[in-house]
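Read-outs: derived from the displayed coordinates by stated rules, not from any lab. Since we're looking at a predicted model, the values are computed, not measured. Here the Cβ positions follow ideal geometry from the backbone for every residue, glycine too, while neighbour counts run over all protein chains shown.
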Amino acid sequence: MTQRSRLAFLQAGLIIVCALGAWQISDGFSSDEGAGSFSIIDSNDKVHNFDREPSRVAITNTYAASVMKMLGVDLDIIVGVSGDFYDEELWPNLSSKDLIQQSAHSEIDFEALLDTRPEVYIVFATNGMVDTNSIRQKLEPIGIKVLAFDFYKYDSLRTEIGSLAKLLGKESEASDIFAEFDAIEKLVGDRISDLQEEDRPKVVMEHHASLTRDPVVLTGTSQWTDIIEMAGGINVFADLPGHTTHVDMEAILDANPDVLMFDGIVFDIGFNSFDVGDECATHMDFIKTRPGFDSMTAIEDDRMMIMSGEFAGPMMIHGLPSLAKILHPDLFEDVDSDSYIQDFFQNYHGVEMTGKFVCFSAGS
């Protein structure tokens, strides 16, 4: 037998042993084809049947964990995480958990995942960097239910929170969260209700990929368009197909936006991050040097902003007053928009808000 053959047999044996272990922990769960005592539907429209609440859950992204905190879930049920939970202050219960992958977008360490013996594995549903179907094909045959939720799209956020609440027995807590969402949305909605179309600033929202290549903009199906519109703005590229798409520089010039926004996920801003290298200002200065941009309304009026990644997750409603105040400072002059972000971290994470969450230029 060749060395390659022996290695293949060894790998096959390891997979079988791990599979048997994972299958054993699924005992007591009904199959998705069966009729459990209750069922939930994830954001891939897949029905999952359960006989009981899961007691061992693996997660890859902080958005899912944030929602679990919002619902008051005991995080001891989480048995495996990604490297995104490095902040010990924000994730004291999770930063030392077993690592099953480096980040929410990286390759899964299937051996490490199976070692945690999860009953449920929560992944992104529609993120282009996560192959949810492939993950299902590998894990569901061995008894691990793969639940797909994004928690970063406004039009599905409430439904996803409701599904997770049903799974974990927290439906009353979900109702309280939705009441808080309603109150914040009403505050903003009432103040912009009389705006005419011409009073709503035209916004171009660029993806962080624009840092390294030609402009990539967020379109109508992205997580940002709904929030921009709720804040009283207009995403000028809302009608383009896809979640993000490349555009020519001329397309932005022709749109002549009133405001330029940038996805801040790769900037040093957000919780416990303070833009110590002044990367925000460097980026905005670079944007000003793009050919022809000096005559753009957003540049002439110096209205640019970079918003941290937290605004694109379950905190999006709490961040809505911040965006609305930047777009319409006269309508929200008396609103302490930071207080809503502070409430989010105090009420759901049990910590004080610390960090720089928005960078904006002088005219914003």
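Beta carbons within 10 angstrom, averaged per residue: use that to sort the peptides 303-313, 81-91, highest first.
So the peptides 303-313, 81-91, ranked by packing, come out 303-313, 81-91.
So for the chain: antiparallel DSSP bridges make up what percent, rounded to the nearest 5?
Of the beta bridges lying entirely in the chain, close to 40 percent run antiparallel.
Quick check: residue separation of Arg290 and Ala183 times 0.36 nm, minus the Cα distance between them. What number comes out in nm?
34.4 nm
Which percent, to the nearest 5, of DSSP beta bridges fully inside region 212-333 are antiparallel?
Counting DSSP beta bridges with both partners in region 212-333, the antiparallel share is about 55 percent.
Using Cα pairs under 8 angstrom and six or more residues apart, how large is the relative contact order of the chain, in percent?
14
Relative to the present Cα-Cα distance, how much length would full extension add between Ser37 and Asp131 at 0.36 nm per residue of separation?
30.9 nm
Mind checking which of Val335, Ile317, Thr212 is farthest towards the positive end of the chain's charge dipole, using Cβ charges of +1 (Lys, Arg) and -1 (Asp, Glu) about the Cα centre?
In the chain, that residue is Thr212.
Name the helices (complete DSSP H segments) of the chain with a Cα length along the long axis of 30 Å or more and a Kyte-Doolittle mean of at least 0.0, or state none.
Answer set is 3-25.
What order, most packed first, do the peptides 199-205, 175-181 have when packing is the mean number of other Cβ atoms within 10 Å of each residue?
Put in order of decreasing packing, that is 199-205, 175-181.
Evaluate E = 1/(1 + (r/R0)^6) for Asp278 and Met249, where r is the Cβ-Cβ distance and R0 equals 35 Å; express this FRET efficiency to the nearest 0.05.
Calculated value: 0.90.
Identify all aspartates and glutamates with a Cα-Cα distance to Lys288 below 18 Å; exclude those on the same chain that are fewer than 8 residues away in sequence.
Glu206, Asp214, Asp248, Glu250, Asp254, Asp258, Asp263, Asp278, Glu279, Glu300, Asp301, Asp302
Once the piece of chain linking Ala209 and Ala362 is laid out straight, how much longer is it, given 0.36 nm per residue of separation minus the C-alpha distance between them?
Between Ala209 and Ala362, full extension yields 52.6 nm more.
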